[in-house]
Amino acid sequence: MTDSWANSAAAPPSAFGADLHLELNGPGLRAGLTEALREAVRTGRLVPGTRLPSSRTLAADLGIARNTVADSYAELVAEGWLTAQQGSGTRVAKRAEPRRAAPAAPRTRPPQPRPTYGLMPGSPDLAEFPRTQWLKAARRALTAAPHDAFGYGDALGRVELRTALADYLARARGVHAEPERIVISSGFHHGLMLMAQALKARRAGAVAIESYGLGFYRDLLTSAGLRTPPLYVDEHGARTDDLARLRGVGAVLMTPAHQYPTGVPLNPDRRTAVVDWARATGGLILEDDYDGEFRYDRQPAGALQGLDPERVVYFGTTSKSLAPGLRLAWMVLPEELVSDIVAAKGAVEVSSTLEQLTLAEFIASGAYDRHVRSMRLRYRRRRDQLIAALAQKAPGIRVTGMAAGLQVVLELPPGTEHSVVQAAAWQGLAVSGIAEFRYEVADSGWRLPERDALVVNYAAPPDSAWAGALDALCRVMP
Ligand SMILES: Cc1ncc(COP(=O)(O)O)c(C=O)c1O
């Protein structure tokens, strides 16, 4: 290798230019550098068009004389590996093709067409992420951030965010929240993982879950060693009375505001019943309020947590209201659970404190409310358009679930779900059948009725794709 710059006549490393890792193994400095660059281009590590550091910068980084680099660049330009142009520096030549991988083996099956329209439940309209407002909040947050914001962070999460959330959740969702009992997590998924660990540490054997829901939350709980007996879901939500009959249940995971994915609210009697169960047994209610902000026909019901903050763990997330890519969510905990969750989380914060500060600023400045209100109008319009289009083009299809959230359930004639999902795929439309979300076990004493339906996310497509998606959807309806 080369001498360090400290021992050579070369300039010290410069703060300018891009990093370029090179192993100089050739017989001399110049030959070694030329061969290392040639090899980097040949193998595709430096792709065509890449701008190389200036000879001054690379010389300083490698601790060699600038002329050595300039000569090496000139040689590679002459050989056609690099191009040099006044004003645009030295670049990897466009025609210097990287070595290609061996051709793939021929396919044995025709490929499924790539979906053109994604109506699978999960995502909000990502094209509507409030980039400008978020940037402004990030700038303000960064300007105001104390130096300790760049450190490892508090295991609870930044206090600025917890304070902003406590105000917002009390005001918008009726949650009893103090900053000291809020813990920030990297998405609901992470929060549930922490909860599962805390429940295991308390020797809970089982977490009851709704008989319609997401399989990966069930898997998360079972891989933490918890049993997951199902709670029957009907048109009034989960049958919470049944909890009394289940053995060893330390907690119940529910979506009371808007059952996922069937779209029904938890009936008021059942809300009371589940809180009574928790009080009587010392059990916990894990309230997943994943889309509580989005109700279109009236004020949303307040969070269940408001009924008993010591028995309900409230989970909220930015995944529907802003974007799942943020991976920012929160738990509002009964006081006695805070230390258990912090212990499960470990001493170091896992989500970026700068993102947390940005979200805190975004909420405190009112931008979060404004964004939610504008998305509410937008999603409501989409839902209305969907219902109107179906009424006109597929009048036999019944839409169920309340006017809320990002998806609807379309009830299909018996026995048609699978073929409709397939037909949709061939129309370039990705949709989910409700069967994907169904969960029952043989020894529960009941069976869910047969049901054929689609769960359709009307929120996700960008405006440019919405009309086409709606057309394609109506076309595949039986
Ligand atoms: C039922 C339900 N809960 C919670 C979430 C949010 O999960 P996360 O915050 O991990 O993105 C989702 C997102 O798809 C969901 O469908």
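The values are calculated or read from the model by the stated rules, or taken from the named source; none is laboratory data. As the structure is a prediction and not an experimental result, all values here were calculated from the model. No Cβ is skipped: glycine too gets one built from the backbone with ideal geometry, and neighbour counts run over all protein chains shown. What goes into the accessible areas is simple: the full protein's heavy atoms, side chains included, and nothing from ligands, DNA or RNA. Shrake-Rupley method; radii C 1.70, N 1.55, O 1.52, S 1.80 Å.
Only one of the numbered conditions (1) away from the ligand (no atom under 14 Å from the Cβ); (2) within 30 Å of P461 (Cα to Cα); (3) under 24 Å from the mean Cα position of the chain (by Cα) is not met by A301, and that is (3). Out of L326, L354, one residue alone is crowded, with 17+ Cβ neighbours inside 10 Å and not polar (S, T, N, Q). It is L326.
Selection of first residues in the range 58-79 that are within 23 Å of K94 (Cβ to Cβ) and of second residues that are open to solvent by less than 40 Å² (accessible area, probe 1.4 Å) and among the small types (G, A, S), restricted to Cβ pairs under 7 Å at least 6 apart or on distinct chains, gives the following pairs, ordered by first then second residue: V69/S55; V69/A59; A70/S55; Y73/S55. When the residues of the range 274-331 are filtered to those that are of a type in the set (K, R) and free of Cβ contacts under 8 Å to residues at least 40 places away in the same chain, the one that is nearest to R378 (Cα to Cα) is R298.
Quick grid of which residues meet (1) of a type outside the set (A, V, I, L, M); (2) without any contact (Cβ under 8 Å) to a residue 40 or more places away in the chain; (3) touching a Leu at 6+ places or on another chain (Cβ under 9 Å); (4) in a loop (DSSP other than H, G, I, E, B):
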position: V420; (1), (2), (3), (4): no, no, yes, no
position: P449; (1), (2), (3), (4): yes, yes, no, yes
position: L454; (1), (2), (3), (4): no, no, yes, no
position: A465; (1), (2), (3), (4): no, no, no, no
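Considering (1) aliphatic (A, V, I, L, M); (2) touching a helix residue (DSSP H, G or I) at 6+ places or on another chain (Cβ under 8 Å); (3) modelled with pLDDT of 90 or more, the lone condition that V77 does not fulfil carries the number (2). In the range 305-328, of all residues being in a loop (DSSP other than H, G, I, E, B) and of a type in the set (S, T, N, Q), the one that is farthest from the ligand (Cβ to nearest atom) corresponds to S321. Going through (1) touching a Gly at 6+ places or on another chain (Cβ under 7 Å); (2) open to solvent by 60 Å² or more (accessible area, probe 1.4 Å); (3) within 16 Å of the ligand (Cβ to nearest atom) one by one, L126 falls short only on (1).
Note on the range 274-296: among residues that are away from the ligand (no atom under 16 Å from the Cβ) and under 11 Å from L307 (Cβ atoms), the one that is surrounded by the fewest Cβ atoms within 10 Å (Cβ to Cβ) is R279. Would you confirm whether any residue within the range 245-259 is more than 16 Å from the ligand (Cβ to nearest atom), surrounded by fewer than 20 Cβ atoms within 10 Å (Cβ to Cβ) and charged (D, E, K, R)? Yes, some residue in the range 245-259 is more than 16 Å from the ligand (Cβ to nearest atom), surrounded by fewer than 20 Cβ atoms within 10 Å (Cβ to Cβ) and charged (D, E, K, R).
Given the residues F216, F294, which is the only one that is out of contact with any Leu (no Cβ under 6 Å at 6 or more places or on another chain), closer than 22 Å to S186 by Cβ and of a type in the set (F, W, Y)?
On the way: F294 fails: closer than 22 Å to S186 by Cβ.
Residue meeting the stated conditions: F216.
Candidates in the range 169-178 are the residues that are buried (at least 21 other Cβ atoms within 10 Å of the Cβ) and not basic (K, R); of these, the one that is nearest to G366 (Cα to Cα) is L169. Per this entry, G157 is not counted among residues that are within 15 Å of the ligand (Cβ to nearest atom) and closer than 30 Å to S432 by Cβ. Within the range 218-234, being away from the ligand (no atom under 16 Å from the Cβ) and either in contact (Cβ under 8 Å) with a residue 40 or more places away in the chain or open to solvent by less than 40 Å² (accessible area, probe 1.4 Å) (or both) holds for L226, P229, Y232, D234.
For the range 260-270, filtered to residues that are crowded, with 17+ Cβ neighbours inside 10 Å and more than 16 Å from the ligand (Cβ to nearest atom), the residue that is nearest to I285 (Cα to Cα) is R270. Considering (1) within 14 Å of the ligand (Cβ to nearest atom); (2) open to solvent by 60 Å² or more (accessible area, probe 1.4 Å); (3) not basic (K, R), the lone condition that G215 does not fulfil carries the number (2). Starting from residues that are away from the ligand (no atom under 16 Å from the Cβ) and among the small types (G, A, S), keep the ones in the range 329-343 and report whichever is farthest from G187 (Cα to Cα). Restricting to residues being away from the ligand (no atom under 16 Å from the Cβ) and among the small types (G, A, S), the top hit is S339. Within the range 297-313, the set of residues being under 25 Å from L126 (Cα atoms) and surrounded by 21 or more Cβ atoms within 10 Å (Cβ to Cβ) comprises P300 only.
Give the residues of the range 345-362 that are part of a helix (DSSP H, G or I) and either touching a strand residue (DSSP E or B) at 6+ places or on another chain (Cβ under 7 Å) or within 16 Å of the ligand (Cβ to nearest atom) (or both), sorted by residue number. Answer for the range 345-362, where residues must be part of a helix (DSSP H, G or I) and either touching a strand residue (DSSP E or B) at 6+ places or on another chain (Cβ under 7 Å) or within 16 Å of the ligand (Cβ to nearest atom) (or both): K345, E355, Q356, L359.
Can you find, within the range 183-201, the residue that is farthest from the ligand (Cβ to nearest atom) among those that are open to solvent by 30 Å² or more (accessible area, probe 1.4 Å) and in contact with a Leu (Cβ under 9 Å, 6 or more places away or on another chain)? Only one residue tops the list, namely K200. Among the residues here, M193 does not qualify as touching a Gly at 6+ places or on another chain (Cβ under 9 Å) and either among the β-branched types (V, I, T) or within 18 Å of G316 (Cα to Cα) (or both).
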